Amino acid sequence: MKKRFLILVCLVAVNSIAIADDTQTRLKVMADERDSSLRHIGSSKPYFSKNCPKQFDFWTQSAQQGQPIAQNLLGGCYHDGTGIGKDDAQAVSWYRKAAEQGYAQAQANLGSMYRDGNGVAKDETQAVGWYRKAAEQGLAQAQANLGSMYKDGKGVTKDEAQAVAWTRKAAEQGYANAQSNLGSAYDNGTGVARDETQAVAWTRKAAEQGYAQAQFNLGTMYAESRGVAKDEVQAVAWFRKAAEQGDAKAQANLGIAYENGRGVAKDEAQAVEWFRKAAVQGDTKAQANLGMMYGEGTGVARDETQAVAGTRRAAEQGDTDAQFSLGLMYANGTGVTKDETQAVAWFRKVAEQGDAQAQYNLGVMYADGRGVAKDETQAVAWYRKAAEQGDAQAQSNLGVTYNDGTGVAKDETQAVAWFRKAAEQGNADAQYNLGIMYVNGRGVAKDNDQAVAWFSKAAEQGDVKAQKALKQLSQ
């Protein structure tokens, strides 16, 4: 009996080991599947959304038994929240249990919770510490994150060379996010000598794994001929891959391609659809472009109210093109009640950021006293800012102010100089005015031949005053 009893005990023990091994194997397979999702597309959310409702009980039981893989997976479920309710404090608790057992994936996850302040007080130094523990075990995710912390100087002294070193370790393991970041480092020459060929090579590796940011970047490289021959068809192909994954910048660029027929047959309705997708995600360029499409009635029924709404959304997020357009809408009463005070406010926002066209418009508003008290000195100041950036109309107007002595001391030599700058850019007003200066010998030696030459240039553009002046000189 004793012998049979001992045999029974041994059989039970062997069976228990087999069950434990089977649990460990199942958990390992699940962890590998989760890691694959993170490695290729830069997110484990699809994995947790799919598996948490089905595996929650199994992972909970295994985690309570001290299995670090299960503890990490359970932490992921609580962080994702699908089917169980999001609870970042619980996520941190389970990540910490696994991390303290030396499980690298949990250490990396705990680092991210500290970095973002999810379920724990934000502490970038702690984040770096946990990333480093996992990175030194060779975990690509942690190496990539540690590289990012060095790049941005978060939780550690900024060090672009160290950023590249850690990013490269992860990239060489095939981690798509790191490959994309390494491509960007080569593209921008941050932490490594600028090398557009290397930039394309690393970006392509990530793009071919389906990483949306890299697909967008590769599309941009093809569009701008950076490290690769310009190829708008290829640019569109890569923008489309990223756009179909929901990348807003790629959606906006795809809209531009359809709008202008670059790399794809022109299709303004398609342009509107892609602008709309990106605009919903808050992309300011797409919002501005969508507003423009509504305003012009291209690809969609003309709707000035929608045009203003889209333009305003972009303007309020700081998009300078949208701010300028909104200023024009208020100045002209397009889709909105005319309000020159609002026009001035929006022009000023853009002008103060150095936009020459807005500076010119603001100068006009000051000169005419529209939406602001008339102030010729301020008008000259804004004309000058735009003129010094090469804006021809501002140069012409600045010439007028010097000629008339409005807002500045009269100086016909300066007037001629500014008229000439604008005239040489083809500005008809300036060409006519320069002709007048030559006819009268003001600010320049009198020279009828030069006058005829400049009047002719303006007349060819349809300037009636110049045409009359030519007739008078020929009599």
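The values are calculated or read from the model by the stated rules, or taken from the named source; none is laboratory data. Predicted model only: the values in this text are computed from it and were never measured. Positions of Cβ are backbone-derived with ideal geometry, glycine not excepted, and every protein chain shown enters the neighbour counts.
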Restricted to the stretch 222-243 and to residues being under 17 Å from the mean Cα position of the chain (by Cα) and without any contact (Cβ under 8 Å) to a residue 24 or more places away in the chain, the residue surrounded by the fewest Cβ atoms within 10 Å (Cβ to Cβ) is E224
Residue set G405, G399, G363, G441; condition among the small types (G, A, S), surrounded by 17 or more Cβ atoms within 10 Å (Cβ to Cβ) and either under 22 Å from K465 (Cβ atoms) or without any contact (Cβ under 8 Å) to a residue 12 or more places away in the chain (or both); output residue G399
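Could you tell me whether the stretch 296-309 includes any residue that is among the hydroxyl-bearing types (S, T, Y), in the same structural domain as A212 (by TED's automatic domain parsing) and either crowded, with 21+ Cβ neighbours inside 10 Å or in contact (Cβ under 8 Å) with a residue 40 or more places away in the chain (or both)?
No, that holds for no residue.
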Output the number of residues of the stretch 77-109 satisfying the condition of being within 24 Å of D57 (Cβ to Cβ), touching a residue at least 12 places away in the same chain (Cβ under 8 Å) and either of a type in the set (K, R) or buried (at least 23 other Cβ atoms within 10 Å of the Cβ) (or both).
14
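Only one of K465, K446 is among the charged types (D, E, K, R) and in a loop (DSSP other than H, G, I, E, B). Can you tell me which?
Values: K465 fails: in a loop (DSSP other than H, G, I, E, B).
Going through K465, K446 in turn, the sole match is K446.
Residue-wise test of (1) out of contact with any helix residue (DSSP H, G or I) (no Cβ under 7 Å at 6 or more places or on another chain); (2) within 27 Å of E376 (Cα to Cα); (3) in the same structural domain as V400 (by TED's automatic domain parsing).
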| site | (1), (2), (3) |
| --- | --- |
| R276 | no, no, no |
| A288 | no, no, no |
| E316 | yes, no, no |
| K349 | no, yes, no |
Do we find that N253 is over 22 Å from A161 (Cα atoms), surrounded by 20 or more Cβ atoms within 10 Å (Cβ to Cβ) and in contact with a helix residue (DSSP H, G or I) (Cβ under 8 Å, 6 or more places away or on another chain) in this structure?
yes
Among the residues of the stretch 377-387, are any surrounded by fewer than 17 Cβ atoms within 10 Å (Cβ to Cβ), under 30 Å from R312 (Cα atoms) and either outside the structural domain of K468 (by TED's automatic domain parsing) or modelled with pLDDT of 95 or more (or both)?
yes
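Just for the stretch 452-462: of the residues that are outside any loop (DSSP other than H, G, I, E, B) and not aromatic (F, W, Y), which one is surrounded by the fewest Cβ atoms within 10 Å (Cβ to Cβ)? Show your work before the answer.
Initial filter on the stretch 452-462 (outside any loop (DSSP other than H, G, I, E, B)): 452-460.
If we keep only those that are not aromatic (F, W, Y) too, we end up with 452-453, 456-460.
On the way: V452: 18, A453: 14, S456: 15, K457: 21, A458: 26, A459: 22, E460: 12.
Here the residue is E460.
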